[in-house]
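Before any comments, here is the structure.
The values are calculated or read from the model by the stated rules, or taken from the named source; none is laboratory data. No experiment lies behind these values; they were computed from the predicted model shown. Cβ: placed from backbone, ideal geometry, glycine included. Neighbour counts: every protein chain shown. Note: accessible area is taken over every heavy atom of the protein model, side chains too, but ligands, DNA and RNA are not part of it. Shrake-Rupley method; radii C 1.70, N 1.55, O 1.52, S 1.80 Å.
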Amino acid sequence: VQYFLLVLLACPSPLGAPPPALHTCQGLAPCLPEEGQVNISGPRLLLATLHSASGSSTAMDRIFSALLLSLLLLLQSYGVCGAPPQPRGTLCRTKPTDLVFVIDSSRSVRPHEFEKVKVFMSRVIEGLDVGPNSTRVGVINYASAVKNEFSLKTYQNKAGLLQAVQRIEPLSTGTMTGLAIQFAISRAFSDSEGARVRSPNFNKVAIVVTDGRPQDGVQDVSARARAAGIEIFAIGVGRVDMHTLRQIASEPLDDHVDYVESYSVIEKLTHKFQEAFCVVSDLCATGDHDCEQICISTPGAYKCACKEGFTLNNDGKTCSACSGGSGSALDLVFLIDGSKSVRPENFELVKKFINQIVDSLEVSDKQAQVGLVQYSSSVRQEFPLGQFKNKKDIKAAVKKMAYMEKGTMTGQALKYLIDSSFSIINGARPGVPKVGIVFTDGRSQDYITDAAKKAKDLGFRMFAVGVGNAVEDELREIASEPVAEHYFYTADFRTISKIGKKLQMKICI
């Protein structure tokens, strides 16, 4: 029972309403609030109250209080009260806005449902930059009549707004939505109520929330509001008339009309409105960019960069280990072991390894061309050099490659590389450096020495990558000189991406 009461009392009041202020005295004894004192948290208030009730100041009491304080602070930090800690900071700022909520509190809106509307308003306000020179907020409450709860000029800070929203009570009569919108035009957005002069530097926004069919007309008055520069969002709940919402809202309607099935889920629209008022100041942080490696923020924009050893391609977005120009031209062919010992799940990792290498290349007719051959008991050309002209198409073809699942004829695959893969008829270019990457997970079932030697004698630069049961002597025999720079081995398929990173830097001429 004590634990339950402690947690209950430690929880913040709804919508972040601050607890009563206490003077910070010596020890934990409570004192009367003094002018200028800040509020203290629920746990400290609770402990002070418990201590006061006990009337004791023994050492044991102080130890007990300290332990409770530590426990309660820990519980609040981890969201025991059902509200997880809010992330600090924000990735965007809000454009200065005059924002007026126009809230239906007719008799069809039950008291507990109206509380949900207040939660929604509070959550939107929490995401705004509130201040006299930033965003100002007003609230119109309407039913058969219209009540100006507070004006744009009334509160100049977020705390005051949130407390004022909590005090709003439903009117519980009819539904005069048109009258409420007219009130917004003539009074809520007037200079006398704190609205600023119409300017491109300021937004004027009304958010209308209603759950029924209005008892008056809304089409003409909404048109006048929009003509006056007011952007209108219309939120309908439950059995609302959707045609009415479309008459109220600004264009495009898809962005300005929202519907929720009940007030219990209206809070899910909070994020939409926080984004609507957001002016992104860090596109890199929000992930709203297309840089392949590094994004650098600039005011209202961004630019791309590359990691050390990579060069930014001409598109200004992607990176290559090979620098631009004719010096990066190469014909690269993968020889991939598709024997049954590889297993399907590892074969998928091999595909990712291939595409990891492809990512480092600048693919075009004048620069890198890529071909792919899979071998097991036989050899199959998946695609020849030059068939695909960009990375996207190459990577898509690699992903579609079917697993052969038979033996391991590495010698036969090397012979195919020499006779076919690097031939002009299969897309190879005269005078362009030739690179072969051989990937295997076991001992070859045929003789490799002659084919391996011939490939190197022809000037092909050969890399050998072995995994698991691959024979290191065979890998060295395949690899070009110096062998230490052209031969790689790992016992586990899951670590081949590390080899991929090393290869990215080595395959360029």
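Numbers below:
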| read-out | value |
| --- | --- |
| Among the residues listed as A491, A397, the single one being under 24 Å from E348 (Cβ atoms), open to solvent by 60 Å² or more (accessible area, probe 1.4 Å) and small (G, A, S) | A491 |
| Index of the failed condition, E477 passing every other in (1) outside any helix (DSSP H, G or I); (2) surrounded by 16 or more Cβ atoms within 10 Å (Cβ to Cβ) | (1) |
| Residue ID - most open to solvent (accessible area, probe 1.4 Å), chosen from residues in the stretch 339-369 that are of a type in the set (A, V, I, L, M), under 30 Å from N469 (Cα atoms) and within 33 Å of the chain's Cα centre (by Cα) | L349 |
| One residue from I125, I140 being open to solvent by less than 20 Å² (accessible area, probe 1.4 Å) and either without any contact (Cβ under 8 Å) to a residue 24 or more places away in the chain or touching a Leu at 6+ places or on another chain (Cβ under 6 Å) (or both) | I125 |
| Subset of the stretch 418-443 (residues that are free of Cβ contacts under 8 Å to residues at least 24 places away in the same chain and β-branched (V, I, T)) | I424, I425 |
| Per-region count, the stretch 494-509, residues among the hydrophobic types (A, V, I, L, M, F, W, C) and open to solvent by 90 Å² or more (accessible area, probe 1.4 Å) | 2 |
| Residue list for the stretch 468-506, restricted to those being touching a residue at least 60 places away in the same chain (Cβ under 8 Å) and farther than 15 Å from L414 by Cα | G468, N469, F493, R494, I496, S497, I499, G500, K501, L503, Q504, M505 |
| Checklist (1) touching a residue at least 60 places away in the same chain (Cβ under 8 Å); (2) open to solvent by 10 Å² or more (accessible area, probe 1.4 Å); (3) over 22 Å from K502 (Cβ atoms) applied to K415, failing item | (1) |
